Each structure stands twice: as structure tokens, then as C-alpha cells.
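Here's the structure, in C-alpha cells; my notes come after.
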Amino acid sequence: MLYLFDIDGTLRQALLFPGIGSLAPWDQRVLPGRADRLQALKADGHRIGAATNQGAVAFGLVSESRMQRGLDELNRRLDGTLEWIGVCPHHPRALLPRYRRDCDCRKPRPGLLLQALAYFGAPAAEAVFIGDRRTDQQAAQAAGFQFVFADRFFAA
């Protein structure tokens, strides 16, 4: 089974501005129970990845390289359990023109989830997306994934 996770609000929380997302590698905390649950899934032979909108890049709040260092740090704190991390840095109202687009990879559209299926070679029927927002649920439905809200998934 493929388990794909949203990042902000699902696996981590930004420390400075939780509503915006992490602005630096140190500006995050792994949410309780996440590392243990991901390790258990991996130990059971499941594949694990993540798909995340990172609009802070589009608004010039963080560079792509700093955003990537933050994701790398998150994965380090999760003991490297994320095999793949798909990122959408775009936003239709971005301040930076190169990121201003209405793309297929920005959730609620399914582009990132479809990229994950291709990367893992997995059928959508054997994939679950875990997220904290309705847009995550919409992306999962559009890609043919099962969907579970993070609070329910990590409560089990």
C-alpha cells in the first residue's frame, strides 16, 4: 500500500506562523505521533511519500532552496521515512511572476498525487492520501485515492 501525506498541518506545524507554513528548516515541529506511525508503516512494508502545496515560495516568503532544506530537515526528523516528496510552489495569485500559474499540481487538483503514483508505480486503488484540509480530500478523490483526515488517521 502507498501512504501519501500532506505536510503542513498533517506531519508538521510551523512555529512562527502556522497558517503560512515553515519559513526555515528550524521553523517547524513534527506533530505528535507522526514519526512513530510512519516508522511502523514502513516496517510493515508500505511505501511512504508526501505531496504539499508550498505557496510561501510563490509569495516570496521563502526561497525554493530554503523550502527544500526545510523539507529535508522534516524528513530527517521523521528518520527518512518519506521516500518521495512532491511540491507545488505555484499559486494563481503569486507575487513572483514565475510562480503565478493555475497549475495541475496545486491541490485540490490531482497532479502531485498522480506524480506520486508514477514514481511509486502504484495503482490509485492501493493508495491512501492523509491530509488536514478539504482541498486534500478533493485532490485524493480526483486522483482515485482513498482519503483519511489526519486527526482520524493519527488517532488510531
Quiz item: Within segment 1-33, can you find the residues that are of a type in the set (D, E, K, R), in contact (Cβ under 8 Å) with a residue 24 or more places away in the chain and touching a Lys or Arg at 6+ places or on another chain (Cβ under 8 Å)?
Solution: Asp6, Arg12
Quiz item: Is segment 48-62 home to any residue that is touching a residue at least 60 places away in the same chain (Cβ under 8 Å), under 28 Å from Pro92 (Cβ atoms), outside any strand (DSSP E or B) and touching a Pro at 6+ places or on another chain (Cβ under 9 Å)?
Solution: no
Quiz item: Out of curiosity, is Thr81 in contact (Cβ under 8 Å) with a residue 60 or more places away in the chain, assigned to a loop (DSSP other than H, G, I, E, B) and of a type in the set (Ser, Thr, Tyr)?
Solution: no
Quiz item: Which one is farthest from Leu16 (Cα to Cα) among residues in segment 26-58 that are in contact with a strand residue (DSSP E or B) (Cβ under 8 Å, 6 or more places away or on another chain) and small (Gly, Ala, Ser)?
Solution: Gly49
Quiz item: Where residues in segment 31-56 are under 13 Å from the mean Cα position of the chain (by Cα) and hydrophobic (A, V, I, L, M, F, W, C), which of them is farthest from Gly111 (Cα to Cα)?
Solution: Ile48
Quiz item: If you scan segment 101-156, which residues turn out to be basic (Lys, Arg), free of Cβ contacts under 8 Å to residues at least 24 places away in the same chain and in a helix (DSSP H, G or I)?
Solution: Arg152
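Read-outs throughout are calculated quantities, based only on the coordinates presented, and are distinct from any laboratory measurement. From a predicted model like this one, the values you see are computed outputs, not experimental measurements. Note that each Cβ is placed from the backbone with ideal geometry, even for glycine, and that neighbours are counted across all protein chains shown.
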